[in-house]
Amino acid sequence: MRTSKTLSSTLNAGAWITVGILFLIGCFMVAKSLPLFEAMGVSSLWNDSGWHPSEGDFNVLPMLAGSLVIAFGAVLVAGPLGVMLAIFGRYYAPKWLASVYRGLMELLSGVPSVVYGFWGLIVLVPWISTFAPPGASVLAGIIVLAIMVLPLVVLTVDTAFEQTPQKWLVAADALALQRWSKIWRIVLPHSLPSIFSGVTLQTGRALGETMAVLMVCGNIVQVPSSLFEPTRTLTANIALEMSYATDFHVNALFVSGLILFLMTVLIVMVGASVKRKQYA
Amino acid sequence: MKRICTVIASLMIAISLAGCSQSSSEKLVLTGSSTVAPLVAEIAKRFEALNPDVRIDVQTGGSSRGVNDARKGLADVGMVSRGLKVSEADLRTNTIAWDGITLILHKDNPVQSLSKNHIVDVYTGKIKNWKDLGGVDSPIVVVNKAEGRSTLELFLKHFGLKNSEVNADIIIGDNQQGLKTVEGNPLAIGYVSIGAAAYEAENGASIKLLPVDGVQATLKNVELGVFPIARPLNLVTTENSTPLAKRFIEYAQSQDVGDLVQEQFFIAANANK
């Protein structure tokens, strides 16, 4: 097969520039984080008495916990639900409904996150506060994020289903398998790695979400001990304080960013390795 | 390794800054407090109309950014919604208006006023239930501002608190988020700019403004200088500011923009002089 030299070198250059930019972002964040590490030591990130930047305390553990609880909580809700909805859309819904349904999911995945956040702030939070004040809580964050992530989960799972080899399905029909056993015995086992990697990537997205979470989670720096307690995520911390920060406070916020960056890299790597195994 | 990273990073910053700071002599950049910015943007529009060859760029990012940018020359003028600190004495301040900070409750909350001690006890978590203050038997939802905001600093200073002593349930960013939070929660107590609160209350938001130290939270009382928690809205510059910056500041302090100050629910700086 002949390939155009110009095309392949342009594509190559593009790929390398992307890698370079990512590398520079990493460098920049490390460079911005270093002054804090040099002055206070890395251990101040988990040894300080709390997060009081104006008093020189930079403990980020509670926010790390907040980020993880909310992101994984949202994916735990949206994952199984998304798989069920995708099964419905592809194998149970009538044809006309399935296409409407798919379009709707694509539309929903394009709604800006502030819109979900605003809905959470004026509808969800007051509702939760009627039975568990203050309302702004881990639960509100998980619900809003789960709703945001759900359409994307449905779309990725649906794509995974689509890749089931057609001849398997035909063979299953020839053996007169029921619809459900076809899904349970053939489609799901085949799609499982793709579903897993897709859901993992959504965890990365949930982890990076800022505005919606900032609006509904209450932003108190604490390790939440129940679903109804407020918490603050690393992303919300950066958004709330960056424009007002000076001196070490800025460096500490870059450390928050660095932690998020590393976690996202880790998640993408896990997702990719699962997918690779499938095709190995 | 660290040095290389720093060099590369700073080069990138330098390039990006060089790209956007190629200003002609007739361009004015103001950055800083999100409380001051809407007012300055309105003043800037009028100033541009009077001086067609001047372009004014107003950006928000908080009072601290206003100070930093003015100092480093990234902005011609910084917008700062508080008095300058001792460490910032190298800058010149020009007050263009005053703003008050007041406590707000949901409209349905039966509590009509709170003493200074009560507010301190509520914010430090010593009083946790509205029934101790003559309200309903439900927990108090304490709304506090995020670290670094000038509203927070002013509030803490007035009530003699440290931020680490405050026991909050919700932490918010800007005034609007605070207003929406209290509006949606009958058990909440929060504090915001009087200007923003009065505007929202007038337009039917379910909030009410509490008196502070027995003084009603009205624009009139801020104007008379009797309201206890008030802050100046300042434009700050370095010693050697440009003639254009000086002209703009003079204009912003003049009577010509008094109506704009009023429209934004602030008090003109020359009102009680």
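For the stretch A:66-134, the ratio of Cα radius of gyration to the globular rule of thumb 2.2 N^0.38 Å stands at 1.42.
Ordered by packing density, taken as the mean number of other Cβ atoms within 10 Å over each peptide's residues, highest first, how do A:158-164, A:109-115 rank? Could you put the intermediate results ahead of the total?
Working: A:158-164: 17.0, A:109-115: 12.9.
By packing density, highest mean first, the sequence is A:158-164, A:109-115.
Its residue count N fixes a reference of 2.2 N^0.38 Å for the protein assembly as shown, and the Cα radius of gyration divided by that reference is 1.13.
The peptide list A:228-240, A:36-48, A:192-204, put in order of mean Cβ contacts within 10 Å with the highest first, becomes A:228-240, A:192-204, A:36-48. With a 10 Å cut-off around each Cβ of A:127-140, the average count of Cβ atoms from other chains is 4. With a 10 Å cut-off around each Cβ of B:143-154, the average count of Cβ atoms from other chains is 4. Each label point was placed 7 Å from the Cα along the Cα-to-Cβ direction; for residue B:27 and residue A:47 their separation is 4.8 nm.
Give, as a single signed number, the net charge of other residues whose beta carbon lies under 9 Å from the beta carbon of residue B:29, with Lys and Arg counted +1 and Asp and Glu -1.
Numbers: positive: B:27; negative: B:57, B:69, B:76.
For residues surrounding residue B:29, the net value is -2.
With respect to chain A, whose longest principal axis is taken over its alpha-carbon atoms, helix A:5-40 is tilted by about 30°.
Rounded to the nearest 10 degrees, the angle from helix A:248-279 to the longest Cα principal axis of chain A is 20 degrees.
The dipole here belongs to chain A: it is taken about the Cα centre, uses +1 on the Cβ of Lys and Arg and -1 on the Cβ of Asp and Glu, and is about 1600 debye.
Given R₀ = 25 Å, FRET efficiency for residue A:175-residue A:84 by Cβ-Cβ distance, to 0.05? The pair residue A:175/residue A:84 has a calculated efficiency of 0.50. Note on the protein assembly as shown: dipole from Cβ charges, positive end direction compared against B:219, A:171, A:193; the farthest Cα belongs to A:171.
Summing charges over all other residues whose Cβ lies under 9 Å from the Cβ of residue B:71, with Lys and Arg as +1 and Asp and Glu as -1, gives -2. Dipole orientation for the protein assembly as shown: of the candidates B:177, A:103, A:36, A:103 has the Cα lying most toward the positive pole (charges on Cβ; Lys, Arg +1; Asp, Glu -1). In plain terms, the bigger the Kirkwood radius, the slower the diffusion; for the stretch A:10-127, with that radius from Cα pairs, at 20 °C and 1.002 mPa s, Stokes-Einstein puts D at 110 µm²/s.
Pairs to check: B:45/B:246; B:27/B:85; B:180/B:208. Give those whose C-alpha atoms are more than 19 Å from each other in this structure. It would help to have the intermediate numbers written out before the result.
On the way: B:45/B:246 17 Å; B:27/B:85 29 Å; B:180/B:208 13 Å.
Violating the 19 Å Cα-Cα cut-off are B:27/B:85.
Shielding of peptide B:163-169 by partners, expressed as the average count of other chain Cβ atoms within 10 Å per residue Cβ, is 4. Other residues lying with their Cβ under 14 Å from the Cβ of residue B:137 contribute a combined charge of +1, Lys and Arg counting +1, Asp and Glu -1. Taking only the C-alpha atoms of the stretch B:60-115, the Rg (one decimal) and the largest Cα-Cα distance, Dmax (whole number), read 16.8, 51 Å. Within the listed set B:247, B:149, B:46, the Gaussian network model of chain B (springs between alpha-carbon atoms below 10 Å) gives the highest mean-square fluctuation for B:247.
Build a GNM of chain A with springs between Cα atoms under 10 Å apart, and of A:13, A:146, A:206 the one that fluctuates most is A:13.
Taking every DSSP bridge with both residues inside the protein assembly as shown, close to 60 percent are antiparallel.
Between residue B:262 and residue A:100, the distance separating the two model label sites (each 7 Å from Cα on the Cα→Cβ line) works out to 5.6 nm.
Which stretch or stretches of the stretch B:160-178 have amide N atoms under 14 Å from the point lying 7 Å from residue B:131's Cα along the Cα→Cβ direction? Within reach of a label on residue B:131: no residues. If a spin label sat at a point 7 angstrom from the Cα of residue B:216 along the line to its beta carbon, no backbone N atom of the stretch B:88-122 would be nearer than 13 Å.
From the Kirkwood radius over Cα pairs of chain B, Stokes-Einstein at 4 °C and 1.567 mPa s returns a whole-number translational diffusion coefficient of 65 µm²/s.
Starting from 0.36 nm per residue, how many nanometres of slack lie between residue A:7 and residue A:92 once their C-alpha separation is accounted for?
Values: separation 85, 0.36 × 85 = 30.60 nm, distance 4.41 nm.
This chain segment gains 26.2 nm when fully extended.
From largest to smallest, the equivalent ellipsoid semi-axes obtained for the stretch B:99-224 from the alpha-carbon gyration tensor read 19, 17, 15 Å.
Going by a ≥ b ≥ c, the root eigenvalues of the Cα gyration tensor, does the stretch A:61-278 fall in the rounded group (a/c under 1.5), the prolate group (a/b larger than b/c) or the oblate group?
prolate
Values quoted throughout were computed directly from the atomic coordinates according to the rules given, and no laboratory measurement underlies them. Here the structure is a predicted model, which means the values were calculated and not measured. Here Cβ is always computed from backbone atoms with ideal geometry, including for glycine, and neighbour counts include all displayed protein chains.
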